Structures are given as structure tokens and as C-alpha cells.
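A quick write-up on the structure given underneath.
Derivation of every value follows stated rules applied to the coordinates shown; laboratory data play no part. Model, not experiment: these values are computed from the prediction. Cβ coordinates were reconstructed from backbone atoms using ideal geometry, including for glycine residues, and neighbour counts include every protein chain displayed.
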Amino acid sequence: MGVAIGSQIIGTKFYEHVISKVDDMQNNSQNVEDMGSETSVESTQIENKKVQIVLDSGHGGSDPGKIGINGVQEKDINLMIAKKVESKLQEKQIVVMMTRTDERGLADSKVEDMKTRVDIINENKPVLAVSIHQNSYEQEGICGAQVFYYTHSTEGKSAAEYMQNSLLSVDADNKRQAKANDTYYMLKRTEVPLIIVECGFLSNREEAEKLSTDEYQEKVADAICNGIETYLKDIS
Ligand SMILES: [Zn+2]
């Protein structure tokens, strides 16, 4: 993306990509339904035509997010974990949409990037949106995954608590609780429940090293997947 293209054009291009992905998913679901008409289709499969979960991989492109004490960039860890969560959810027939699937951001400016993420969520109206991030703090000793939800959303609180509990299973030392927030842009602007999953602190050497490994990313992705599933079961 070295060419100077206006942010709106990039936004539009990206959006076309998202739309075609939805079409693909709907076609796939249609196939499932067609095949199933000869046998029998579970009602849950039919409902799966609609996007259930939007996975938002934080940052991207010129915005690296937090830089780890070991040099890793948050945008890369976010995407690697999000992709793992995406495939785990798909294995369970849960329809997922990603806000980004590669290293690029969604727009040239941070403001446009955030607006595009919110637009994708609001227009697709998933049951739950999950934004994946990594944390950082000035004191290196601070660590542990933590989930944030919009202060005024009871569904968001419920999803965040399930998610936090699921993440605690990955790290026995983590005593963090899901936390309310009413200032983050995405929490305020999304019209469906959104939770922000801070998977760990890149400012903590041990956690940054763990988060950089495929093995630990798998564990975190499993926990995120479980948290989502528990929430979906609770509201169904
Ligand atoms: Zn972030």
C-alpha cells in the first residue's frame, strides 16, 4: 500500500471485500441448507446464515499498536490470535466476520480506521463483537488478560464476564476481573454488545514472550472461543 490513495477509497475497497465475504458466507450457508433438506437440518444451522460474531483485530498498517518489550508489534499478535479464533469458531459452525484479515489497517487515519470498524459492526449486527488487543503499562511487573465492556450494556457485561472467566483458565495467577468503560470510542459507538479483550501485557517480558508463541496464542484463542460459545449458549 505504498501508493497515495485517499482514505475513503481504501475504506470503500475494503468494504467491498467485506461484502463479498458476507456473500460467500451466505452462499455457503445456502449450500448447507440445500444439502440438509434431504436429510434434516438443525435449526441452529439455518440461523447460522447471519453473521454471529465480528472479530476485530486491533490496529494494523501504519498503526502498530503497543510495541512489546521484546520488539513484537501489537497489530501482528492481534491478527494472529484473531485468525486462530476465526478458524476455531468456523469449526463450530459459528459465522464469523473479520474486520481485517491481513497486516493493513482499515484507513489512512486513525479516526477513519476506527469509524470503519464501527460501521462494519453496526451494519452487520452480529450477536457479539470481540475486539482483540494487547495491553502495555509503564511498570513491567503488571500482567494478565483483561476484558472491557461498555458500562451501560448488560449484555456486554455478561459477555465480558464469561470471557474473563474463560481467560483466567489460561493463567492461574491472573486475578483480573472484567471491567466497565464508558470512554473507549468503539464501546460507545457500537450498537451491538462489544467486548475488548486485552490478551496480556506486551510490557511484561514473560507475557510478551508467551504471546509471541504459536502455542500460547492457541491457548488464548481457545479461551476466547470458549468465552464466545458460553455467551452464545446463555442468550439462546
Ligand atoms: Zn490495542
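Points to keep in mind about this one:
- Positive-pole candidate from 170, 93, 107, dipole of the stretch 81-197, charges at beta carbon: 93
- In summary, the lysines within cross-link reach of residue 175, defined as a Cα separation below 24 angstrom excluding same-chain residues under 8 places away, comprise 66, 157, 210, 219.
- Cβ-defined net charge surrounding residue 87, 12 Å radius [Lys, Arg +1; Asp, Glu -1]: 0
- Cα gyration tensor shape for the stretch 61-181, rounded if a/c is under 1.5, else prolate or oblate: rounded
- Here each label is just a point 7 Å from Cα along the line to Cβ, and for residue 233 and residue 188 those points are 3.7 nm apart.
- Shape call, the stretch 83-138: gyration tensor on alpha carbons, a/c limit 1.5: oblate
- Exposure proxy order (Cβ contacts within 10 Å, fewest to most) of 69, 77: 69, 77
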